[in-house]
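J.: Structure below; questions to follow.
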Amino acid sequence: MTRVQMDLVDLRTRPDASSNGKIYKWILQLKDHFTKFCWARALQNKESREVYHCVREIFFMFGPPRILQSDNGREFTNELINSLQIDFSNMRTVHGRPRHPQTQGLIERANAILTNALGK
């Protein structure tokens with residue numbers, strides 16, 4: 001993978017409960033630029049620790065990209081997420097310009113498709 005974009009989809013207005021009683025309010029979505037393949041993981045909150053563990057799990061299964069791109073949300077611009085570069089030495093993280101969603105156009109469109117599919 002060359003470039004992967006990631007973002008969070010907000011489901012706080014329509015949270016989903018699982019069979020084990022956990023309530024999920026966010027979806028972490030990653031999309032590969034080349035293949036357009038998407039990964040989505042339900043999250044209980046958008047804390048960096050939970051985002052970090054999901055991203056790391058995906059990268060251990062499929063391999064890390066050369067570039068991991070995200071917006072400037074606090075959950076993506078912190079020490080924990082930046083430590084992914086230590087875990088995966090060939091990867092670097094890139095953040096889009098503030099208040100400029102066009103930088104993240106591919107994942108923003110994927111978020112809209114996912115939201116529509118969920119019937120939100």
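The values are calculated or read from the model by the stated rules, or taken from the named source; none is laboratory data. If you're wondering where the values come from, they're calculated on a predicted model, not measured in any experiment. Virtual Cβ from ideal backbone geometry, glycine too; neighbours counted across all protein chains shown.
J.: Among the residues that make up segment 33-54, is at least one of them outside any helix (DSSP H, G or I), under 23 Å from residue 11 (Cβ atoms) and modelled with pLDDT under 90?
T.: No, there is no match, as no residue in segment 33-54 is outside any helix (DSSP H, G or I), under 23 Å from residue 11 (Cβ atoms) and modelled with pLDDT under 90.
J.: I'm trying to understand the selection: among the residues of segment 1-32, which are under 16 Å from residue 94 (Cα atoms) and in a loop (DSSP other than H, G, I, E, B)?
T.: Listed by number, the residues that qualify are 1, 2.
J.: Residue check, residue 98 against (1) assigned to a loop (DSSP other than H, G, I, E, B); (2) surrounded by 15 or more Cβ atoms within 10 Å (Cβ to Cβ); (3) of a type outside the set (A, V, I, L, M), all met but one. Which one?
T.: In the conditions (1) assigned to a loop (DSSP other than H, G, I, E, B); (2) surrounded by 15 or more Cβ atoms within 10 Å (Cβ to Cβ); (3) of a type outside the set (A, V, I, L, M), residue 98 misses (2) alone.
J.: Looking at (1) among the polar types (S, T, N, Q); (2) outside any helix (DSSP H, G or I); (3) at pLDDT below 90; (4) surrounded by 15 or more Cβ atoms within 10 Å (Cβ to Cβ), which is the only condition residue 89 fails?
T.: For residue 89, the exception is condition (4).
J.: From the list 81, 58, 113, which one is loosely packed, with under 13 Cβ neighbours inside 10 Å, free of Cβ contacts under 8 Å to residues at least 60 places away in the same chain and part of a helix (DSSP H, G or I)?
T.: 113
J.: If you scan segment 12-44, which residues turn out to be under 15 Å from the mean Cα position of the chain (by Cα), surrounded by fewer than 19 Cβ atoms within 10 Å (Cβ to Cβ) and closer than 17 Å to residue 113 by Cα?
T.: The answer is 32, 33, 36, 37, 38, 39, 40, 41, 42.
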